[in-house]
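All remarks here apply to the structure that follows.
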Amino acid sequence: MVSLIATDRVTKIFEVGGMFTAKKYIKAVDNVSLELGENEILCLVGESGCGKSTLGRLMLDLIRPSSGRVLYEGKNICSLKGKEYKEFRRNAQLIPQDPYTTLNPMKKVVSSLIPPLLHYKIARNRREARKMAAELLTMVGLSPPEDILERFPCRLSGGQLQRIAIARAISVQPKFIVADEAVSMIDASLRVGILNLMLDIQRKFKTTFLFITHDLAIARYFARDRKIAVMYLGNIVEIGRTEEVIQNPLHPYTKVLVEAVPIPDPKLARERPLPKLKSLEIPSLVNPPPGCKFHTRCPLAEKICKEKDPELRLVKGRLVACHLY
Ligand code: SF4
């Protein structure tokens, strides 16, 4: 696989407090190495606050790593300058979680879609950019496009705003998109439509997607025949083919996530045993447990788990970070 974007032992530490309280350090992403090729989809799943969004932002250069490197087409993005950096910025786009903050509420939709088309010289002039913007709206299923272009965001629904956010992300023809919880704030009835739209775009343009979600059912839908990575407290603990990981999870934390997926039938849901965790409390990122960070909750923890951090190892065709293997 030719790598389009990769992280090489990337760590991100945030400093919090300091003025009136003691400084604390939060290791949001801890020594993560990932690789995405062209035309690839990788779903990143895990509980809220496990570092998924931070990793996505590092890969877009919206924040810089504390250590390690993010490589775009083999080059460290921190060393890109001038034209090369502009090219990276164009090729790496974000579809954010909150469609209500995506667009400037004081500007019409047209004013959000035209500037990137002109900035990256995709359109030669305003007239051409407007025509392209209308075509983009049609492509993301918004019509009549001329009417939508003249609307202010407050006159659009959450689903429509998210479609516009997608239109803006694809307007510059990126090679790589980070979709960060892109359907979590959308009404449940509209989610499948937005997911299908992103999948259509992926197929049409062969765009590489890092799809971030806390919802395993959504990850399964989006990356059914692709790959999934499970994250816990800043570490990747399992990566493999989506169906294989969900049908036969190897890491104890992945097993917990799979067992926690809601069952639509309330009778079956009541009969299902709760995931067997030693503790329901998620450890603090300020003071994470030593060794395997999951050992305080893991029902299978052994002595070595408290002492040694397990590394990702190839197990049954996938990567798993657990001393059991
Ligand atoms: Fe559980 Fe130990 Fe595996 Fe961590 S390394 S998941 S504590 S068995």
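Any read-out appearing in this document is the output of simple, stated calculations on the displayed coordinates, not a laboratory observation. Remember, predicted model here, so these are calculated numbers, not experimental data. For neighbour counting, all protein chains shown are included, and Cβ atoms are generated from backbone atoms with ideal geometry for every residue, glycine included.
Within 10 Å of each candidate Cβ there may be at most 12 other Cβ atoms; applying that plus a DSSP loop requirement, which chymotrypsin sites (Phe, Trp or Tyr not before Pro) in segment 16-108 survive?
Those satisfying the criteria are 20.
Could you give the size of the charge dipole of segment 122-253 about its Cα centre, using +1 on the Cβ of each K and R and -1 on the Cβ of each D and E, expressed in debye and rounded to the nearest 20?
600 debye
Please order 184, 171, 112, 279 by the number of other Cβ within 10 Å, starting at the fewest.
By the 10 Å Cβ count, ascending, the order reads 279, 184, 112, 171.
Okay, helix-only estimate at 222 nm for the chain: each DSSP H run of n ≥ 4 adds -39500 (n - 2.57), divide by all residues, round to 500 deg cm²/dmol; what do you get?
Working: 13 runs with 116 residues, N = 325.
It lands at -10000 deg cm²/dmol.
Set Lys and Arg Cβ to +1 and Asp and Glu Cβ to -1, take the dipole of segment 174-221 about its Cα centre, and tell me which of 174, 198, 218 lies farthest positive.
So the residue furthest toward the plus end is 174.
Extending each Cα 7 Å along its Cβ direction at residue 78 and residue 325, get the distance between those two points in nm, one decimal.
3.0 nm
Within a 10 angstrom radius of the beta carbon, how do 138, 21, 7 rank from fewest other beta carbons to most?
Values: 138 14, 21 8, 7 22.
Starting with the residue having the fewest Cβ neighbours, the order is 21, 138, 7.
Just to confirm the number: angle between the C-alpha axis of helix 82-91 and the first principal axis of the chain, 0 to 90 degrees, nearest 10?
80 degrees
If you line up the long axis of helix 126-139 against the longest principal axis of the chain, both from Cα atoms, how many degrees apart are they, to the nearest 10?
50 degrees
Taking θ as phi - 60°, what are the ³J(HN,Hα) couplings along segment 95-102 by the Karplus curve (6.51, -1.76, 1.60), each to the nearest whole Hz, with x for Gly and Pro?
Karplus values, whole Hz, x for Gly and Pro: 10, x, 5, 9, x, 6, 9, 5.
In whole Hz, what ³J(HN,Hα) sequence does segment 11-28 give by Karplus (6.51, -1.76, 1.60; θ = phi - 60°), x for Gly and Pro?
Coupling constants for segment 11-28: 10, 10, 10, 9, 9, 10, x, x, 5, 10, 10, 5, 5, 10, 10, 10, 8, 6 Hz.
At 20 °C and 1.002 mPa s, grab the translational diffusion coefficient of the chain from Stokes-Einstein with a Kirkwood Rh over Cα pairs, rounded to a whole number in µm² per second.
101 µm²/s
Peptides 196-206, 120-130: what's the order by average Cβ count within 10 Å, highest mean first?
Ranked from most to least packed, the peptides come out as 196-206, 120-130.
Given the Cα-Cα distance of residue 9 and residue 300 and 0.36 nm per residue of separation, how much length would full extension add, in nm?
This chain segment gains 102.0 nm when fully extended.
Averaged over all directions, how much area does the convex hull of the C-alpha atoms of segment 86-221 cover when projected, in nm²?
Dividing the Cα hull surface by four gives the mean projection, 7.8 nm².
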